[in-house]
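The values are calculated or read from the model by the stated rules, or taken from the named source; none is laboratory data. This one's a predicted model, so the numbers in the text were calculated from it and none came from an experiment. Cβ coordinates were reconstructed from backbone atoms using ideal geometry, including for glycine residues, and neighbour counts include every protein chain displayed.
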Ligand SMILES: Cc1ncc(COP(=O)(O)O)c(C=O)c1O
């Protein structure tokens, strides 16, 4: 299978991990040779409830038997999407009430940027250095890594960058700014938390200048950090919340949420300011609804913080210099980039799935399903420690 994978499927890098997947269940992915791989990555924070959670699978099957796609987004009232967006609103603080469902994280970012420009009538966008918001043209324009984007220019104009956690830089937000977009917790940069009420200060400056604050919770959202959404840790409600990844526990999805007043502007002058064929797809909405119901009706979110403590107590080693992040969004900061790289590759041989971060080459990602058991955490950490001892 790998030969055809390399020949016929477009590749993202010269070195794909290339596991030949047979099936997956709970915290394990099984390869075609019958090996069980313990998953400490969860499809990069996407499989919130692990692989093929029975309630998610049942919801998908039930929906597939009823209908799959009947109309483009926004025309028909369909129970999975309607029930889901209402449940989301019930669990979000005011004024976050209305959700636009799309197909991926980056598409949700595009929608949020359009919404901010449309609502404010301004064009300037401020993003943080070392942020990652996706790979379509608008999201890519937000990135400050020239080597990753220069060959794709010209990109979106009127984008400026600030240092995350730098209060002084907030002066760059002015009455020309349409929006400031930040990851609530910076992911690719190395799982960096906002410090000293930073998000509150950004929000206050945005309010002063009439700009909107967009928080990208595509990675930390849906319980991963010990709250349903990470902004709840920092006492700061965004004007536009962007979500995705773990929302449907493994199906492609994204969404952005705002107040009725703000969101309304996308549907007039011009009407159809943002449209999509498959956004709000009933099968994906059913999966999102089942995921949210499991999260709300279990202690998985609270348990995330206890599991963070367990990881931190186990992963003590001279080569691990720091453990960053919150809940089950953790990054091991190794002594060198070489150690980080070798650990990920050698863990693969021991049937433990680890992964890198986009921009911080000393980091090793640990973002398992929230359903991971203590026993599985201990087994995986024992493999990591044994590998580090042998390196
Ligand atoms: C913070 C953040 N924003 C946006 C994205 C893009 O989401 P997607 O890959 O679904 O387009 C990601 C994906 O890694 C992300 O982590």
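Return a yes/no flag: does the stretch 286-297 have any residue that is surrounded by fewer than 19 Cβ atoms within 10 Å (Cβ to Cβ) and in contact with a strand residue (DSSP E or B) (Cβ under 7 Å, 6 or more places away or on another chain).
Checked the stretch 286-297: no residue is surrounded by fewer than 19 Cβ atoms within 10 Å (Cβ to Cβ) and in contact with a strand residue (DSSP E or B) (Cβ under 7 Å, 6 or more places away or on another chain).
Testing residue 85 on (1) away from the ligand (no atom under 16 Å from the Cβ); (2) crowded, with 20+ Cβ neighbours inside 10 Å; (3) part of a loop (DSSP other than H, G, I, E, B), one condition comes back false. Which one is that?
With respect to (1) away from the ligand (no atom under 16 Å from the Cβ); (2) crowded, with 20+ Cβ neighbours inside 10 Å; (3) part of a loop (DSSP other than H, G, I, E, B), residue 85 is out only on (3).
Would you say residue 54 is modelled with pLDDT under 95 and surrounded by fewer than 21 Cβ atoms within 10 Å (Cβ to Cβ)?
So residue 54 fails the test.
Out of 34, 18, report the one residue that is touching a residue at least 12 places away in the same chain (Cβ under 8 Å), farther than 24 Å from residue 287 by Cβ, assigned to a loop (DSSP other than H, G, I, E, B) and out of contact with any helix residue (DSSP H, G or I) (no Cβ under 9 Å at 6 or more places or on another chain).
34
Within the stretch 103-129, track down each residue that is within 14 Å of the chain's Cα centre (by Cα) and either more than 11 Å from the ligand (Cβ to nearest atom) or outside any helix (DSSP H, G or I) (or both).
103, 104
Which one is surrounded by the most Cβ atoms within 10 Å (Cβ to Cβ) among residues in the stretch 225-244 that are more than 11 Å from the ligand (Cβ to nearest atom) and under 15 Å from residue 191 (Cβ atoms)?
Out of the qualifying residues, it is 225.
Quick check, is residue 156 surrounded by fewer than 21 Cβ atoms within 10 Å (Cβ to Cβ), in contact (Cβ under 8 Å) with a residue 24 or more places away in the chain and within 14 Å of the chain's Cα centre (by Cα)?
no
Under the condition of being out of contact with any helix residue (DSSP H, G or I) (no Cβ under 9 Å at 6 or more places or on another chain), over 18 Å from residue 113 (Cβ atoms) and outside any helix (DSSP H, G or I), which residue from the stretch 130-173 is nearest to the ligand (Cβ to nearest atom)?
Result: 130.
Just to be sure before I move on: is residue 207 over 30 Å from residue 78 (Cβ atoms) and either assigned to a helix (DSSP H, G or I) or modelled with pLDDT under 95 (or both) in the structure I sent?
Here the answer is yes, as residue 207 does meet what is asked.
Free of Cβ contacts under 8 Å to residues at least 40 places away in the same chain and surrounded by 20 or more Cβ atoms within 10 Å (Cβ to Cβ) - does that describe any residue in the stretch 170-191?
No: zero hits.
If you take the residues of the stretch 250-305 that are out of contact with any helix residue (DSSP H, G or I) (no Cβ under 9 Å at 6 or more places or on another chain) and within 19 Å of residue 45 (Cβ to Cβ), which of them is nearest to the ligand (Cβ to nearest atom)?
304
Condition check: closer than 28 Å to residue 232 by Cβ, more than 16 Å from the ligand (Cβ to nearest atom) and touching a strand residue (DSSP E or B) at 6+ places or on another chain (Cβ under 7 Å). Does residue 96 satisfy that?
yes
Looking at the structure I just gave you, is residue 358 within 15 Å of residue 44 (Cβ to Cβ), within 16 Å of the ligand (Cβ to nearest atom) and at pLDDT below 95?
yes
Just give me the residues in the stretch 311-328 being surrounded by 15 or more Cβ atoms within 10 Å (Cβ to Cβ) and either without any contact (Cβ under 8 Å) to a residue 24 or more places away in the chain or out of contact with any strand residue (DSSP E or B) (no Cβ under 8 Å at 6 or more places or on another chain) (or both), in sequence order.
Once the filter is applied, which keeps residues that are surrounded by 15 or more Cβ atoms within 10 Å (Cβ to Cβ) and either without any contact (Cβ under 8 Å) to a residue 24 or more places away in the chain or out of contact with any strand residue (DSSP E or B) (no Cβ under 8 Å at 6 or more places or on another chain) (or both), the stretch 311-328 yields 314, 317, 323, 326, 327.
Quick one: is residue 59 away from the ligand (no atom under 16 Å from the Cβ), assigned to a helix (DSSP H, G or I), under 21 Å from the mean Cα position of the chain (by Cα) and modelled with pLDDT of 95 or more?
no
Out of the residues in the stretch 174-195 that are over 17 Å from residue 236 (Cβ atoms) and assigned to a loop (DSSP other than H, G, I, E, B), which is nearest to the ligand (Cβ to nearest atom)?
Only one residue fits best here, namely 187.
Report every pair of residues separated by at least 6 positions or lying on different chains whose Cβ atoms are under 7 Å apart, first residue within the stretch 216-228 and without any contact (Cβ under 8 Å) to a residue 60 or more places away in the chain and under 20 Å from residue 289 (Cβ atoms), second in a loop (DSSP other than H, G, I, E, B) and within 11 Å of the ligand (Cβ to nearest atom).
If the second residue must be in a loop (DSSP other than H, G, I, E, B) and within 11 Å of the ligand (Cβ to nearest atom), the pairs left are 217/184.
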